Amino acid sequence: MHTYFLSDLHLTPERPELISAYLHFLSSLAPTAERVYVLGDLFEFWIGDDAASMLGADPLLDAMKQLSQHTACYFIAGNRDFLVRDTFTQRTGFEILPDESVIDLYGTPTLLLHGDSLCTDDVAHQAFRQQMMTNRPFCDAFLTLSIPERIAKAKEARMQSHEHKAEVSMSIMDVTESAVLKTFEQHAVTQMIHGHTHRQNIHRYAGADGGQLTRYVLGDWDKTSSILRADANGLHIDNQSIA
């Protein structure tokens, strides 16, 4: 058996080809797996479970529900969809895991996370995490706004995000190596899987005890998909063209 990991699809009605590619994954590849993990930023933005229909997400949630009826499915929220709540779980059958969750991956304890918590040099984003993403009172207050108000604020935040990316260097938006090593140590694992940076790669480090630490970075879905397949023989990242 095998397990799939993916992240950073940034699904939006503005990119129907991405939606089609994800629906194809859910109906073809995903049913062959024993477990599927989505590690955040599945959506370009998520303004509350009650806005799913207005965002055109109903077919996606229905397809996820169909998959979860025979495959164990899990979701870790990213910085774009941190407002998912219990209704999302009910609609999809995907269990929401906390960021920085350790699983047993074919005998190897493995840390799963979205990845933005590792980008500690990006001070502006870390402030956003603290003031908004992980601030439950703020999130609860935001969800009381009307859906049009939430959409307007989400579009404003997305514009500010684009401006931020244009103003800072790519290195600042990548992970900080010291944060990576600290996180390995905190969770006492030798294997980590995350997304967020859109920089698909496999990184290896020397552990304090002389052993090897491995960090698998998922890519985003744009011209190609980025899917990590894991089984008892190892892990491999695969890319498929998106029409």
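The values are calculated or read from the model by the stated rules, or taken from the named source; none is laboratory data. This structure is a prediction, so every number in the text was calculated from the model and none was measured. When we count neighbours, we look across all protein chains shown, and the Cβ atoms used for this are built from the backbone with ideal geometry, even at glycine.
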Check whether at least one residue in region 81-88 is surrounded by 20 or more Cβ atoms within 10 Å (Cβ to Cβ), within 28 Å of residue 134 (Cβ to Cβ) and not hydrophobic (A, V, I, L, M, F, W, C), and report yes or no. yes
Can you name the residue in region 13-42 that is among the β-branched types (Val, Ile, Thr) and buried (at least 17 other Cβ atoms within 10 Å of the Cβ) and, of all such residues, is nearest to the chain's Cα centre (by Cα)? 38
Picked from region 43-61 (must be assigned to a helix (DSSP H, G or I) and touching a Ser or Thr at 6+ places or on another chain (Cβ under 8 Å)), the residue nearest to residue 7 (Cα to Cα) is 61
Output the residues belonging to region 53-63 that are within 24 Å of residue 156 (Cα to Cα) and buried (at least 19 other Cβ atoms within 10 Å of the Cβ). 55, 57
Where residue 189 falls short, out of the listed (1) buried (at least 21 other Cβ atoms within 10 Å of the Cβ); (2) hydrophobic (A, V, I, L, M, F, W, C); (3) part of a loop (DSSP other than H, G, I, E, B): (1)
Go through region 64-80 and count every residue that is crowded, with 18+ Cβ neighbours inside 10 Å and at pLDDT 95 or above. 10
Kindly list, by first and then second residue, each pair from a residue in region 42-61 that is closer than 13 Å to residue 80 by Cα to a residue that is surrounded by fewer than 19 Cβ atoms within 10 Å (Cβ to Cβ) and among the aliphatic types (A, V, I, L, M), limited to pairs with Cβ atoms under 8 Å and residues at least 6 apart or on different chains. 45/157; 47/147; 47/151; 48/143; 48/147
Does region 46-69 include one or more residues that are more than 20 Å from residue 193 (Cβ to Cβ) and of a type in the set (Phe, Trp, Tyr)? yes
Working only within region 209-230, note down all residues that are farther than 27 Å from residue 182 by Cα and exposed (fewer than 15 other Cβ atoms within 10 Å of the Cβ). 223
Restricting to region 96-137, name every residue that is charged (D, E, K, R), under 12 Å from residue 79 (Cβ atoms) and over 17 Å from the mean Cα position of the chain (by Cα). 122
Within the bounds of region 90-103, is there any residue that is of a type in the set (S, T, N, Q), free of Cβ contacts under 8 Å to residues at least 12 places away in the same chain and under 18 Å from residue 175 (Cβ atoms)? no
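Which members of region 95-132 meet the condition of being hydroxyl-bearing (Ser, Thr, Tyr) and outside any strand (DSSP E or B)?
We begin by selecting, within region 95-132, every residue hydroxyl-bearing (Ser, Thr, Tyr); these are 101, 106, 108, 110, 117, 120.
Selection gives 106, 117, 120.
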Which residue out of 140, 220 is at pLDDT 95 or above and either under 22 Å from the mean Cα position of the chain (by Cα) or of a type outside the set (Asp, Glu) (or both)? 220
